[in-house]
1. Filter the range 8-57 down to the residues that are in contact with a Ser or Thr (Cβ under 8 Å, 6 or more places away or on another chain), open to solvent by 40 Å² or more (accessible area, probe 1.4 Å) and closer than 13 Å to Gly76 by Cβ and list them by number.
2. For the range 136-161, name all the residues that are touching a Leu at 6+ places or on another chain (Cβ under 9 Å), under 25 Å from Leu303 (Cβ atoms) and open to solvent by 20 Å² or more (accessible area, probe 1.4 Å).
3. Considering only residues that are at pLDDT below 85 and either under 18 Å from Glu275 (Cβ atoms) or open to solvent by 70 Å² or more (accessible area, probe 1.4 Å) (or both), which ones fall in the range 341-362?
4. Picking from Gly186, Gly91, Gly124, Gly106, which residue would you name as being farther than 22 Å from Arg205 by Cβ and modelled with pLDDT under 95?
5. Mind listing whichever residues of the range 97-119 are in contact with a Ser or Thr (Cβ under 9 Å, 6 or more places away or on another chain) and among the polar types (S, T, N, Q)?
6. Any chance you could count how many residues in the range 118-137 are touching an Asp or Glu at 6+ places or on another chain (Cβ under 9 Å), in a helix (DSSP H, G or I) and not charged (D, E, K, R)?
7. How about the range 15-56: which of its residues are of a type in the set (Ser, Thr, Tyr) and either under 24 Å from the mean Cα position of the chain (by Cα) or part of a loop (DSSP other than H, G, I, E, B) (or both)?
8. Spot the failing condition for Leu338; the list is (1) modelled with pLDDT under 85; (2) in contact with a Gly (Cβ under 6 Å, 6 or more places away or on another chain), and only one is missed.
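The values are calculated or read from the model by the stated rules, or taken from the named source; none is laboratory data. In this text, all values refer to a predicted model and were calculated from it rather than measured experimentally. Every residue, glycine as well, gets a Cβ built from its backbone with ideal geometry; the counts of neighbours run over all protein chains shown. Accessible surface areas use protein heavy atoms only, side chains included; no ligands, DNA or RNA. Shrake-Rupley method; radii C 1.70, N 1.55, O 1.52, S 1.80 Å.
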Amino acid sequence: MKDDMEQYVEALRAAATAGDEYAAVKVAQDAHDAGVSLERLLLDVVAVAQARIGEEWAANRLTVAQEHMATAVNEGVLAVLANTIDTTDHGSAPLKWRICVACVEGEWHTFPARLLTEVLRLRGWMVDYLGAHVPTRHLIVHLHRTAPDMVALSSSIATRLPAAHSAISACQAAGTPVLVGGAAFGPDGRYARLLGADAWTPDARAAADLLDAGPLPRRHAPGLSAERRPHLASHEYALFTDRKPDLVRGALEELSRCVPETGPRPAEPPVLTAEDVAFTVDFLGTAVYVNDPELFVSYTRWLAWTLTQRDAPPHALTAVLDALGARLTGLPHALDTLARGREATAGSQQAGESPEGEIPPREDGQR
């Protein structure tokens, strides 16, 4: 069966990469007809194929457009499987509990949340799936209107951790326990604990297993440990946020001087875009927010490797980091974090090796 599953994964990956939704759906239907359960189809075929597509994009073997196309195909497969779940699995059986599944504000990567939604439906939950980029204020309105037993929040991009923190605290203040998941919270869930979530799980299967016994217990008041709270609400983070436009503008100016070809060209995109620079600033600010320089170090190490894969000038990222450093006066934690990131960048460029085990954290990758 293991070999069969691998064949299904590769067939689905190939169909999705080719943009052939009909072929992709047929792969899923053939696997189901051969006896693969819907849950295994979701978790061991569709999810694995999608992860490989993300790896192909990160290694520069797929363009952003190709990756988006493949993701859209796999989302279509999820929709077909969801219809199968609705018509063959629930029937008239009563649903167990109600859960709200949503991506935090600013998070557009819906695939993990949608995957969890369908697995929980298979396990007998009534799920309100709210999709991408759910502003916290609207999420709380939904909780008051529907009174779910709990909330599951998804975030793939670590720069959304401040928004995740707001959502977690607001949901708990409304009396609803919060389960979180996604790459943003770290491979071991360290940021989930820091932000005070009621629980964290690494994937949809683990989340469903945790919830088989029912919703998490409600608590009367949200609570971050006292020693953590000053980092999350630090004055330095507020100052950093105020300076963000100047940081991005200054880094772009330095980049244009250092790498003139970075500007728009007819045949190919720039090696580092304004979005790349803004994203780097966002990662630096988030590392300050959670008081963890390693978050920024992991990002810069990955970005350096990615730029190497795209034959970008090695000094382009260095120029951006140096320009940021010149504008971080009076922000000691940000300066220290930046220095560690710059050191990691130099090491990655010299080694030329893939940052093994790290999640590509770009906005345009669906990993």
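1. none
2. Of everything in the range 136-161, nothing turns out to be touching a Leu at 6+ places or on another chain (Cβ under 9 Å), under 25 Å from Leu303 (Cβ atoms) and open to solvent by 20 Å² or more (accessible area, probe 1.4 Å).
3. Across the range 341-362, the qualifying residues are Gln350, Glu353, Glu356, Gly357, Ile359, Pro360, Pro361, Arg362.
4. Going through Gly186, Gly91, Gly124, Gly106 in turn, just one is farther than 22 Å from Arg205 by Cβ and modelled with pLDDT under 95: Gly91.
5. Hit for the range 97-119 is Thr110, nothing else.
6. Qualifying residue count for the region: 3.
7. Selection gives Thr17, Ser37.
8. Here Leu338 clears every test but (1).
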